[in-house]
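Heads up, the thing below is written out as structure tokens.
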Amino acid sequence: MQLMKKFFLSIDQGTTSTRTVLYDFRFKYIDQEQIEIKQFYPKPGYVEHDAEEIWEKTYKTFRKLLKKHDLQPAQIISIGITNQRETVLGWNSKTGKPIGKAIVWQDRRTSAFCDSLKQKGLEPEINEKTGLLLDPYFSASKLSWLKNKSKAQFLKKTTLFGTIDSYLLWKLTEGRVYATDVTNAARTSLFNLTTLSWDQDLIKIFGLQGIKLPEIKNNADNFGVTNLFGGEIKISGMAGDQQAALFGQACFENGQIKSTYGTGCFLILNTGKEILRSKNKLLTTIGYKLDNDVNYALEGSIFVAGSLIQWLRDKMKFISSAPESEKLAKLADSDNEVSIIPSFTGLGAPYWKPDLKAAIHGLSLETSREDIVLASLEAIAFQTRDLLEALKNDGAEIKSIKIDGGMANNNFFSQILSDVLSIDIYKPNNIESTSLGAAYLAGIGADHVKLSELADIWKADKLFKTKKSYDSKYTRYLDRVNSLI
Ligand code: ADP
């Protein structure tokens, strides 16, 4: 029994799984419960989730963790929610039932629609207002698709729309709170970065007049309470997963940067109080907002990182587990000339080529599976360098990066990253930065901790320093990418 102790619970609803993570009142990681969620691929380019399954599994992991540690609701200081961003759905406010499947961020079905808006010359206006580009990745074109599928359903008074955070919050509060936070809102293409509110011009551009959208709150805020676990528990933190990771990595200063290597890779630079516009196709977005204080950010998104390792494991059968990639890559011929361009779902920043397919170059009869595994780790590092070069060209000065996500467990990859980027790579002692960030936000929202105290809690576990130059291999990779696009 831990009756005297108090805790935070983070709900981390990711692309491949849902977890609930337990932190103590000093934000020390205690335990987690995790369940995989089903991926639906009904057609080429389509990726869907079952929102009801997401909710049921969220509820299940939450309950299981409370039970396992014999925790009473009164022991939970508050809940933080973090989630896969951009994924959208509609649901019925009377029954709570989702309307069809949620359309996932990876889904490319609105590629042609986005092209048609581009041809109408609308991208500069969208970019100016949202900081985003016109790409199927963001929620608005997905919402247009839902509207076109059933206009009557779309306009019904009882149909609510939102990203996964809004749906989970609505379920947790049994329909009492219909809200989102600034970071999730900023990824929809309907949110104006300057006014910090939904933008009617954008709603019109995407043909979404009449849509019901949630109230936009700060990242540490009063999100209501849940009564579903035998007593009242406060919800006081919320952020999209990448922004939660930025917060969990304690990147509170202008110029601090984190890179998360999960399914995809997302690099975010805190740019402080100013909106910094990228000239190199990076995204301008919200880092976090506390009270009236907004921290903006520049973001580079790579769609394929850990999923390349999964592909090596599940489809190529080159490895039997993700960690085995480290062992095999070390056995590769480091002078091999293989380059992998992992654009399985198009190339993200800074290229933005949604329809490009992946390629392997430089195979010879000497090429081994070890070489392919090494080239895969290098490919993820090379894509990160693309982002870093774009940031540098935008004027950023970067001396080090804090990394997290599943791939940060791979020390050989972390070393390659330092070599390819020629900078220091820090790995924190808790690589679950996403759930930690949500717990931090919940802590601030519950008046339990101040921002200034959090920076002292963050500790580096490992530092990777550059050992060799990767410039010629990177140049070869770049030439090959340029020959494809
Ligand atoms: P997400 O939150 O996107 O579901 P995670 O942060 O849990 O992802 O990371 C899982 C990803 O990391 C998987 O794609 C997996 O292939 C990769 N991964 C995990 N451990 C390793 C490792 N030791 N080496 C390389 N890749 C790894």
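The values are calculated or read from the model by the stated rules, or taken from the named source; none is laboratory data. These figures come from a predicted structure and were not determined experimentally. We place every Cβ from the backbone using ideal geometry, glycine too, and count neighbours over all the protein chains shown.
Per-structure values
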read-out	value
Tally of residues being over 22 Å from Asn393 (Cβ atoms), more than 16 Å from the ligand (Cβ to nearest atom) and in contact with an Asp or Glu (Cβ under 8 Å, 6 or more places away or on another chain) across the range 238-272	1
Pairs where the first residue, in the range 83-98, is crowded, with 24+ Cβ neighbours inside 10 Å and the second is hydroxyl-bearing (Ser, Thr, Tyr), C-beta under 6 Å, 6+ apart	Gln84/Thr15; Glu86/Ser139; Val88/Ser139; Val88/Thr163; Gly90/Thr159
Positions within the range 113-148 being in a loop (DSSP other than H, G, I, E, B), within 19 Å of Ala297 (Cα to Cα) and either without any contact (Cβ under 8 Å) to a residue 60 or more places away in the chain or polar (S, T, N, Q) (or both), in sequence order	Leu134, Phe138
Residue selected from the range 327-368 under the condition among the basic types (Lys, Arg) and not in a loop (DSSP other than H, G, I, E, B), by the criterion surrounded by the fewest Cβ atoms within 10 Å (Cβ to Cβ)	Lys330
Positions within the range 353-385 being at pLDDT 95 or above, within 22 Å of the chain's Cα centre (by Cα) and away from the ligand (no atom under 16 Å from the Cβ), in sequence order	Arg385
Any pair with Cβ under 6 angstrom, 6 or more apart, that starts in the range 324-348 at a residue that is in contact (Cβ under 8 Å) with a residue 60 or more places away in the chain and within 16 Å of Asn482 (Cα to Cα) and ends at one that is in a loop (DSSP other than H, G, I, E, B) and within 14 Å of the ligand (Cβ to nearest atom)	Gly348/Phe303
Single residue of the range 455-476 satisfying the filter (farther than 22 Å from Ser376 by Cβ and acidic (Asp, Glu)) that is surrounded by the fewest Cβ atoms within 10 Å (Cβ to Cβ)	Asp456
Hey, Leu228 in a loop (DSSP other than H, G, I, E, B), modelled with pLDDT of 95 or more and in contact with a helix residue (DSSP H, G or I) (Cβ under 8 Å, 6 or more places away or on another chain) or not	yes
Helices (runs of 4 or more DSSP H) contained in the range 397-464 and holding at least 2 residues in contact with a strand residue (DSSP E or B) (Cβ under 9 Å, 6 or more places away or on another chain)	411-421, 433-445
From Thr82, Thr87, Thr95, residue being of a type in the set (S, T, N, Q) and modelled with pLDDT under 95	Thr95
Selection count where residues are more than 16 Å from the ligand (Cβ to nearest atom) and at pLDDT below 95, scope the range 43-62	4
Total residues in the range 278-316, condition assigned to a loop (DSSP other than H, G, I, E, B), away from the ligand (no atom under 16 Å from the Cβ) and in contact with a helix residue (DSSP H, G or I) (Cβ under 8 Å, 6 or more places away or on another chain)	5
